[in-house]
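Heads up, the thing below is written out as structure tokens.
The values are calculated or read from the model by the stated rules, or taken from the named source; none is laboratory data. Predicted model, so just to flag it, every value in this text is computed and none were measured. Counting neighbours? That spans all protein chains shown, and the Cβs are built from the backbone with ideal geometry, glycine included. Areas reflect the complete protein model, heavy atoms only, side chains present, ligands, DNA and RNA absent. Shrake-Rupley method; radii C 1.70, N 1.55, O 1.52, S 1.80 Å.
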Amino acid sequence: MTDQLTGKIALVTGAGVRLGRAFALGLAEAGADILVHYNRSQAPAEETAELVRNLGRRAVSVGADLSDLEQTQGLLPLANEKLGPVSILINSAAIFEAVTATETTPAVWQRHQDINLRAPVLLTLALAASLAGSPGAVVNLLDWRALRPGPDHFAYTIAKAGLAAATQSLARALAPNIRVNGLALGAILPPADDGETPPSKIIEQVPLGRWGQVDEAVEAMLFLVAGPGYLTGEIMLLDGGRHLV
Ligand SMILES: NC(=O)c1ccc[n+]([C@@H]2O[C@H](COP(=O)([O-])OP(=O)(O)OC[C@H]3O[C@@H](n4cnc5c(N)ncnc54)[C@H](OP(=O)(O)O)[C@@H]3O)[C@@H](O)[C@H]2O)c1
């Protein structure tokens with residue numbers, strides 16, 4: 001995919017750390033300039049931007065708390081101001097709290113809805129308004145759980161299930177100029193703060209018998225952004241078969 005995205009500008013949410021950073025670097029390797037969004041991870045986001053610049057692309061970090069409506073609505077206009085018109089949006093920022101359905105409080109519910117569902121949808125609509133008919137591509141980061149909801153991580157799962165539905169709905173609403181696809185991941189990186197399930201136990205449920213690699217997630221994201229232009233409303237599962245178990 002080298003240079004396939006040259007001249008394009010991508011906004012990657014949650015790009016200071018973990019998968020978001022890898023998505024930013026993958027898009028930069030494919031030629032795109034990058035808006036590195038962060039909330040708390042300002043220093044890591046600046047480091048991501050530096051890594052992108054080392055690849056010869058432009059990069060700027062932009063902060064926004066996506067639980068805050070005003071900051072969410074301000075992010076795309078701010079991104080456009082910094083580097084020029086964004087045409088690729090990767091909605092990767094999310095929270096993932098291990099709270100079951102029966103333990104879910106209104107506050108837990110609300111923050112998952114705001115960060116994991118409202119923000120990606122509003123950012124996509126803002127992108128569509130700003131592109132005004134020019135081509136664009138959106139990838140929403142989903143989870144196999146969104147397509148096979150269980151009782152664990154309840155607010156997270158329901159918000160991601162909403163985002164899966166929004167992916168399909170927006171693919172129709174924003175066609176033909178903007179393609180909207182989803183990438184439903186399985187076990188790629190263990191949650192930073194989750195001691196509840198040992199990584200070896202997770203793998204017992206994965207038919208391919210291993211964790212996915214970060215590079216594989218990047219490759220799938222790039223396929224949705226820069227692969228066949230006829231692809232929209234697709235939700236690609238990259239989970240080693242976890243959703244089948
Ligand atoms: N890791 C996996 O194996 C896996 C599996 C299934 C699905 N996914 C999905 O893939 C995506 C990336 O996964 P990940 O594990 O790399 O993510 P992660 O570590 O769970 O996500 C953290 C990211 O979200 C951002 N974020 C959290 N709260 C925010 C807020 N209020 N406002 C703005 N940004 C906020 C963080 O930014 P700051 O650090 O700057 O605050 C950070 O960059 C997520 O959507 C996740 O649900 C991942």
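Note on the chain: helix-only mean residue ellipticity at 222 nm, from DSSP H runs of 4+ residues weighted -39500 (n - 2.57) and normalised by residue number, equals -12500 deg cm²/dmol. Seen against the Cα atoms of the chain and their longest principal axis, helix 18-29 is set at about 30 degrees. With contacts taken as Cα pairs under 8 Å and at least 6 residues apart, region 89-228 reaches a relative contact order of 26 percent.
In Å³ and rounded to a whole number, note down the convex hull volume per residue for the Cα atoms of region 1-89.
Here the figure is 74 Å³ per residue.
Restricting attention to region 4-102, close to 0% of DSSP beta bridges with both partner residues there are antiparallel.
Can you tell me, using C-alpha contacts under 8 Å and at least 6 residues apart, the relative contact order of the chain as a whole percent? Can you show the working numbers first?
Numbers: 496 pairs, mean separation 42.7, N = 245.
Rounded, it is 17 percent for the chain.
Using the alpha-carbon atoms, what tilt in degrees (0 to 90, nearest 10) does helix 119-131 show relative to the longest principal axis of the chain? That works out to roughly 20 degrees.
Using the 1.4 Å probe convention, the accessible area of the chain works out to 45 Å² per residue with neighbouring protein chains retained. Nearest 10 degrees is fine. How inclined is helix 42-54 to the longest principal axis of the chain, computing both from alpha carbons? Helix 42-54 sits at roughly 50 degrees to that axis. Taken as Cα centroids, region 27-47 and region 119-173 sit 21 Å apart, rounded to the nearest whole angstrom.
Can you give me the % of accessible surface on region 1-87 that is carbon or sulfur? Probe 1.4 Å, all protein chains present, nothing else counted. In region 1-87, the share of accessible area belonging to carbon and sulfur is 46 percent. Rg over Rh for the chain works out to 0.94, using Cα positions for both radii and the Kirkwood form for Rh.
Each label point was placed 7 Å from the Cα along the Cα-to-Cβ direction; for Arg40 and Asp152 their separation is 2.2 nm. For region 1-49, the relative contact order comes to 44 percent (Cα pairs under 8 Å, sequence separation of at least 6). Among residues other than Leu123 with Cβ under 14 Å from its Cβ, the summed charge is -3 (Lys and Arg +1, Asp and Glu -1). Surface composition of region 117-225: carbon and sulfur atoms hold 58% of the protein heavy-atom accessible area at a 1.4 Å probe.
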